[in-house]
Structure formats: structure tokens, C-alpha cells
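The values are calculated or read from the model by the stated rules, or taken from the named source; none is laboratory data. Just so it is clear, the model here is predicted, and its values are computed rather than measured. Don't worry about glycine lacking a Cβ; one is built from the backbone with ideal geometry, like all the others, and counts go over all protein chains shown.
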Amino acid sequence: MANLNEKNEFNPKQEDLKSNKEDGSGQLLTTNQGLKINDNQNSLKAGERGSTLLEDFILREKITHFDHERIPERIVHARGSGAHGYFQVYEPLAKYTKAGFLNNPDLKTPVFVRFSTVAGSRGSTDLARDVRGFSVKFYTEEGNYDLVGNNMPVFFIQDAIKFPDLVHAVKPEPHNEIPQAASAHDTFWDFISLMPESTHMIMWLMSDRAIPRSYRMMEGFGVHTFRLINENGEAFFVKFHWKPLLGVHSVLWDEATKISGKDPDFHRRDLWEAIENGAFPEWELGLQIVPEADEHRFDFDLLDPTKIIPEEEVPVLRVGKMVLNRNPDNFFAETEQVAFHPGHLVPGIDFTNDPLLQGRLFSYTDTQLSRLGSPNFHEIPINRSINTVHNNQRDGHMRQMINTGKSSYEPNTLGGGSPAQAKIAEGGFASYSERIDGRKIRERSKSFMDHFTQAALFYNSQADYEKDHIVDAFSFELGKVEVLDIRKRMVGILTQVDLDLAQRVADNLGIKLPKEPEYPMNLSFPADADPKDYQPTKKKDNIGKSEALSMSRTLKNTIESRQIAILAADGVDLPSLEALKTYLEKVGAVCKIVAPRLGFIKGANSGEMEIDMSLLTGASVLFDAVYVAGGKQSVAALKKEADAIRFVNEAYRHCKAIAIAGDATAFMEETCIKGTGVVSPENTKNLAAQGVFVMPIGDSTVGMEPVDFVQAIAQHRFWNRTDTVKVPV
Ligand code: HDE
């Protein structure tokens, strides 16, 4: 295959980007015209104390460029982070698609991926309760293919025409620009409570999926049903999935709000550091394939983007792997300027008539025109195809390519007939010739009207603790809503999903639960339509569960790249600390020493160790687990530190794995964790069942392999701690 060396490691996109890279090291400073600059400290003046001269073209060029350094941020998905990597298919998928990159297991197709939140501005916190964008640009030999998806498999609305309304409702309110990066406000819930088609999506948004632990621990979904087409022209419906090899994990809302203060770049930093440390994030590409003949076999419409295909009905085939292994060199040039578009296709992949997808096909190019400023945005290095571009689209702002010759039209003879159209056998793209036979109407298909069955399926499928978090999220969000009628209307909608859920939220809001919604559930119908035609249907009976919808099912037996805090102070039992740290690092975790101050901590007998964070710069919410080191003096010092006690209390409240050196139990008595002061076998066993481990004392810990602690970290959280609500942090 072209673009591969024997080691199969050539990355054509990386090669392509090379030609645009500039490393100023060892160079002299110049203007944009290449003139060497002699004085970059003083502007040109009339006398040493005189006014600055307009003639100073060096000053003018520098300030003018600076004045124009910003471009409009994305209307949605403004806050994001990107990384390079590759995708490799396991086996040829010729049965389903002719797409080249899905048929050659020897080929590593370069990718650039951008993760994002939706509502917040570029500088907003990573930990907002929000959908996450999951956009993948495959630089294939047949042109760029973009899979522009989210970390939730459904969407708020069924038709693109409602998108501006949805986005206006969730963005900060227009009169006072409050709140930033949050859906907990009146306009959002006003809109949602009138838009019952959003109910399924709202269940996902109120679940912990909306506050991921890491971009690396999120699923991705293409959302719409797409089409795959094989060499014989046979088509298959397909839903795209990304399955993270680290499992799907989230934080708690209490953590999310605290992380937003302690480290608003938490997800960005996590992705960056994991890649720098060689813990490359990986996802498997999953396909749910439905033959064309089965289009109407489901009790929902495949074209409706508010529906999933339950994995129990159509299993997800894992067909290849994506690895992110290189951070961008320059955030603006790559992550900010990258332009995705669901209409960037390659032969073998095509659309369906999903009315949301169809609307997107117009929007993305349009928005790039105003965001990137020119129809030539495809020439920006990160957007450039590795397939050379030949066409007669010419000129425009910031054109880079110098087209030679005198013909700029097709057909031509003066240019020797080129560039010429490609036959299908030469890789030419032909749209799937779907039969379309219909009247020109503005209507919603009746098959789109069941808004509650899958919302209930999602809720039913959650573990108890996940249900609790959904109740808490609705109670928080609606609690922030000021107009009482909006709260009531929303609780009315929840009665259609699950009565217990509705009752619990109503109780928290101090509202009497209505038997039926007391307000119109849907004001989203055309002016002349019969409202009855737009009323949602009642949810179906005997909905059951889909296990794949619960994150609790995705645990993986690994602690790779998990962050572990080691609390210690001077006089620490260094040998046992080192033993534990070495072991945790051997199994892939990242350990950080957190101490009352920065510098070095001294060992009880000898030696010292560098401190990574102080109790001021570190915080429990930034870690997955904590170990309280031993050593009499260290334990006594930590005991006096309120921040150290809070650190452990918070880790306990957030259900994280905790390990305590056997001689640090005196410190633990200060915390809210009951029973750590009394080290009886029974006590130790009870605590271990809740992810709190009391280690053996002193020398016996040297060379230890605390498998239980490691497994506890891999378990992510101990939801069986029943008393965490009482922990006052
Ligand atoms: Fe987008 N969306 N979207 N969207 N979307 C944008 O394009 C739009 C939708 C998604 O990392 C914008 O370049 C419309 C669904 C992602 O750069 C804009 C509709 C899904 C990203 C736009 C939708 C998405 C965007 C803003 C309804 C999941 C970030 C900046 C018809 C399948 C891409 C830009 C990145 C970005 C329009 C609905 C995902 C304005 C009109 C459904 C991940 O063009």
C-alpha cells in the first residue's frame, strides 16, 4: 500500500504537516516579510521622550497582527481538546462497505480527534454538565472522512430546524449572559419542558455520562443511522460506536463543581498528560448493522435521532481500534482550526434521511466560512486531505494553492481534459441511489412520536446509584430554575417516564406530584396542525432493561493512568511508601506525593522524596484514590492539617479507594471513616469491602503487592458506602 514503510509506521498526515512546521529556535527575529529585526524593545520615536512615529512599520505590523489574533469561537462546541493518532481495522469489512480504510488491516489511517463540551465558551470549565463532542477526522487515501459524533447516542430534537432554538435556550440567557456553561437555568428547561421529544436525551444528560472522569473514558456515538455500501452496491444501515478500552467512568456532581475550581482544564490536562506519558487512549470502533430489508422491523424509526438500537437487539461488532498517540504542536493551528463536517464522506459510506442529519449537512461548511474566514479553509494544514486536491474551485481569501495552466473549467481540451471525473472503479463517489417518492410537505412522521419508551428504558437500565444521581441532577437543575411553572411542567413530563423518578424529584422540589402532566406537554407543532397529531404516545408496557446502557457494566481490570495521591509529611516511613509507589507505578498508575508544603519530605530514618503538590495546590477531587503514608512524625503532622483530613474525607465521600498505612490509623481517627482506629480483623474486612484498606505495619510492607487496593481502584468507586452523605465536606 502507498504511504507505508516496511514497519507499517509511515503517517502521511504527519508528513504533510511537517512542511508547515516552524521551529524558531536558533533563528533571528524577522518581520512577516523576512526583514531581520534589530530592536524589539523600543518603538520608533521622535526623540527619546518623544511621541511614537506612524512610520514605525515594525511596530504597526506586530500590533496589527496581534489585534487580529482571535477568530470567532465555534457557535457550539467552542471548548475542546484534540489529539493525533491512527485507526486500524481488524478484518476487511468488504461484506458491508467498500471504504478503503475499513478494508485493509495493514493500514494505519491517520486521525485527528477533537473532544468538546457544547454550551460553554472557549474558556469555560471542562466539567460542565453537558454533552461531549467526539469528532474524528480520518485522513484516508480516498479523502477525508469525518465522524462527528457525541458521547451520548441520541439527540435533543428530531429535526434540524429546531437546532437554533435549542442552542439559544441552553446558552447563557441573552439579557444578562448568565449562566456560563450550564443548563441549570430557566430558558433551557422552559424549552425542554415544551419539547417532549428531548426526554430521552435529557435522561442521558442528567446521568453521570454528562460529567465524565476523562475524555479517555467516554463512549462515542455517530448518533444518526448512516449507510454502508459494498462493492456490489448493497446497502446496510449502520450506527457507529466508539468503545473506550479503559471502560466508561464519570465523576460525581459534587466533584465536578469542585474540579471546576481546582482545575478547570481537568479533561484537557488528563488527555495531554496521558499521551505525554505514553498511556495512549484507545477506543474500538463498533458497528450495529441492520440490513436494508429490516428497516421497519423495530418499534421505533431508524431515522429518528432520539432513539438507540438496543445492543441486545443488534449487537455491536467491534471492527477496529483507534489509538491517540501524539499531542498537537500548536493548539490554535490544529485544535482550533480543525473543521469537521458530517458531509465529508468516502465511497462506501453514505447518509440516511434522518432529518437532523440532513440539516447538519448544510451547517458545517457554512459555519467554517465565518469562523475560519475563507472558502479555502480546506487548505489549512490540519484540514488538508492527504489525497491531492484537483478541481477548478479557485481564488478566494487566503488561497494557498498556485494552480497553473489556463483552463479552470471542466470539460476542457486546453488543459488536456484534466482534472477529469473519476469512474466509480477509479474511486469516484456516487451517492446511494435510494428510491424517493413523496410529496413536498412539512410534517413529522407518526413513527417519531414515542418519546418516552426509550427514556424509561434508559432509566430502568441504570444501577441504583446511577438512578440516585439522575434524581439528584434533576433536583439540582430544576432547583436552579426560578419559574415554578417550568419546574412543574418538567415533573409532569417525568411522570411519563417513571413515577418513582418523578415522585423523588417532586419531593426534592417541594412540588405535589401530578398524576398526569397538568400542562400541555408539547407546544412544538405547526400553527395549523391538529395538536393531537403531535402529542407523544404513551410509553410501552414491559419495557425491561438494556444492560449496555449502564456504566456500571463497563469496569475493566486496569488502573493504567489512574491518579493516586500519597499523603505524607516529614518523618514518613519512606521504605514502605516507596514500595507501594513502585508497585502502583509498575501496574500503570500515576502517583503524586501531596504534602503540607512543596520541596522534599524527609524519611523517618534517612532519605527524602520530592513533593509533587502541596495541600494548597492538590485536592482530593483531582485523584482516583489516596494512600495515607505511615511514619510516626508524618502521621502526627498530617493529623494537624485540616486540609489533609478534608482530603481523605472527600475521597471517602466520593466513594474512592483509600489505603492507610498500618501506623497511620491515628490520623484516620480524625476523619469521618468509621472504624479505622480499631484494627481488628473484622473491622479490616468490613472496611475492605467498602474500598478502605488498612495496610500491614512497617517493614512487612516492603515488597508488598497490594492487589486488593489495585482492584479497588480499578473498580472506580465503592457505591456501597451508605454513610457518605453524612460526610460534611
Ligand atoms: Fe453539530 N455543529 N449541529 N451536532 N457538532 C457544530 O460546527 C449543527 C449535532 C457536533 O469538534 C458546528 O464547526 C446543527 C448532532 C460536534 O469542531 C455547527 C445540528 C451531533 C461538533 C453545528 C447539529 C453534533 C459540532 C459548530 C442540528 C452529534 C464539534 C462549529 C441539525 C451527532 C466539532 C462547527 C468540532 C459542531 C451545527 C447537531 C456533533 C454550528 C445545525 C446531532 C461533535 O456547524
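Worth pointing out:
Every residue, every condition in (1) in a strand (DSSP E or B); (2) within 16 Å of the ligand (Cβ to nearest atom), yes or no:
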site: Arg209; (1), (2): no, yes
site: Arg216; (1), (2): no, no
site: His224; (1), (2): no, yes
site: Trp242; (1), (2): yes, yes
site: Lys258; (1), (2): no, no
site: Gly261; (1), (2): no, no
site: Ala274; (1), (2): no, no
site: Trp283; (1), (2): yes, yes
site: Val290; (1), (2): yes, no
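- Every test in (1) exposed (fewer than 12 other Cβ atoms within 10 Å of the Cβ); (2) closer than 27 Å to Thr257 by Cα; (3) small (Gly, Ala, Ser) is passed by Ala455 save one, and that test is (1).
- Being more than 16 Å from the ligand (Cβ to nearest atom) and not in a strand (DSSP E or B) holds for only one residue in Pro328, Pro375, Pro310, and it is Pro310.
- You will find that of Ile382, Ile386, the residue that is among the β-branched types (Val, Ile, Thr), surrounded by 15 or more Cβ atoms within 10 Å (Cβ to Cβ) and more than 22 Å from His68 (Cβ to Cβ) is Ile386 and no other.
- Long-range neighbours under 6 Å by Cβ, at least six apart or interchain, first residue farther than 16 Å from Leu166 by Cα and in the same structural domain as Ala182 (by TED's automatic domain parsing) within the range 193-208, second among the β-branched types (Val, Ile, Thr) and assigned to a helix (DSSP H, G or I): Met206/Ile470; Ser207/Ile470
- If the condition is being buried (at least 20 other Cβ atoms within 10 Å of the Cβ), part of a helix (DSSP H, G or I) and within 18 Å of the chain's Cα centre (by Cα), then the range 331-367 contributes Glu334, Thr335, Glu336.
- Scanning the range 545-576 for residues that are hydrophobic (A, V, I, L, M, F, W, C) and closer than 22 Å to Asp498 by Cα yields Ala548, Leu549, Met551.
- Sole residue being under 25 Å from the mean Cα position of the chain (by Cα) and either farther than 29 Å from Lys243 by Cβ or modelled with pLDDT under 95 (or both), chosen from Ser634, Ser576, Ser606, Ser552: Ser552
- Among the conditions (1) more than 19 Å from Pro164 (Cβ to Cβ); (2) surrounded by fewer than 17 Cβ atoms within 10 Å (Cβ to Cβ); (3) free of Cβ contacts under 8 Å to residues at least 40 places away in the same chain, Asn376 misses just one, which is (2).
- Arg653, sole failed condition from (1) more than 16 Å from Gly691 (Cβ to Cβ); (2) touching a residue at least 12 places away in the same chain (Cβ under 8 Å): (1)
- Looking across the range 205-223, the residues that are touching a strand residue (DSSP E or B) at 6+ places or on another chain (Cβ under 7 Å) and within 26 Å of Ile559 (Cβ to Cβ) come down to Asp208, Arg209, Ile211, Pro212, Arg213, Tyr215, Arg216, Met217, Met218, Glu219, Gly220.
- Residue among Val491, Val497 that alone is in a loop (DSSP other than H, G, I, E, B) and surrounded by 12 or more Cβ atoms within 10 Å (Cβ to Cβ): Val497
- Scanning the range 615-638 for residues that are in a loop (DSSP other than H, G, I, E, B) and either free of Cβ contacts under 8 Å to residues at least 60 places away in the same chain or surrounded by fewer than 16 Cβ atoms within 10 Å (Cβ to Cβ) (or both) yields Leu615, Leu616, Thr617, Gly618.
- Among (1) crowded, with 17+ Cβ neighbours inside 10 Å; (2) not small (Gly, Ala, Ser); (3) not in a loop (DSSP other than H, G, I, E, B) - the single one Ile511 does not satisfy: (3)
- Subset of the range 394-431 (residues that are aliphatic (A, V, I, L, M) and in a loop (DSSP other than H, G, I, E, B)): Met398, Met401, Ile402, Leu414, Ala420, Ala422, Ala430
- Scanning the range 91-127 for residues that are away from the ligand (no atom under 15 Å from the Cβ) and aliphatic (A, V, I, L, M) turns up Leu93, Ala94, Ala99, Leu102, Leu107, Leu127.
- The one condition in (1) in contact with a strand residue (DSSP E or B) (Cβ under 7 Å, 6 or more places away or on another chain); (2) buried (at least 19 other Cβ atoms within 10 Å of the Cβ) that Ile308 fails to fulfil: (1)
- Here the condition is being of a type in the set (Phe, Trp, Tyr), in a helix (DSSP H, G or I), within 27 Å of His249 (Cα to Cα) and touching a residue at least 12 places away in the same chain (Cβ under 8 Å); of Phe647, Phe718, Phe667, it holds for Phe647 alone.
- Pick from the range 30-78, criterion of a type in the set (Asp, Glu) and touching a residue at least 24 places away in the same chain (Cβ under 8 Å), ranking: nearest to Gln337 (Cα to Cα): Glu73
- Taking the criterion of being closer than 16 Å to Gln33 by Cα and surrounded by 13 or more Cβ atoms within 10 Å (Cβ to Cβ), the residues of the range 61-73 that qualify are Glu61, Lys62.
- The residue pairs whose first member lies in the range 336-359 and is on the phi > 0 side of the Ramachandran plot, whose second member is more than 7 Å from the ligand (Cβ to nearest atom) and not in a helix (DSSP H, G or I), and whose beta carbons are closer than 7 Å, counting only pairs six or more residues apart or on different chains, are Gly348/Thr97; Gly348/Lys98; Gly348/Ala99; Gly348/Leu228; Gly348/Ile229.
- Scanning the range 138-160 for residues that are hydrophobic (A, V, I, L, M, F, W, C), outside any loop (DSSP other than H, G, I, E, B) and either more than 10 Å from the ligand (Cβ to nearest atom) or over 28 Å from Asp16 (Cβ atoms) (or both) yields a total of 2.
- Any hit, the range 553-574, residues being of a type in the set (Asp, Glu), surrounded by fewer than 23 Cβ atoms within 10 Å (Cβ to Cβ), touching a residue at least 60 places away in the same chain (Cβ under 8 Å) and out of contact with any helix residue (DSSP H, G or I) (no Cβ under 8 Å at 6 or more places or on another chain): yes
- Test: Pro728 is under 33 Å from the mean Cα position of the chain (by Cα), at pLDDT below 90 and outside any helix (DSSP H, G or I): yes
- Residue count, the range 68-90 (criterion: away from the ligand (no atom under 13 Å from the Cβ), touching a Gly at 6+ places or on another chain (Cβ under 8 Å) and either closer than 26 Å to Gln368 by Cβ or not assigned by TED's automatic domain parsing to the domain that holds Asn325 (or both)): 1
- If you go through the range 16-60 and pick out every residue that is among the acidic types (Asp, Glu), modelled with pLDDT of 95 or more, surrounded by 12 or more Cβ atoms within 10 Å (Cβ to Cβ) and not assigned by TED's automatic domain parsing to the domain that holds Asn325, you end up with 0.
- Screening Met521 with (1) in contact (Cβ under 8 Å) with a residue 40 or more places away in the chain; (2) part of a helix (DSSP H, G or I) gives one miss only, at (2).
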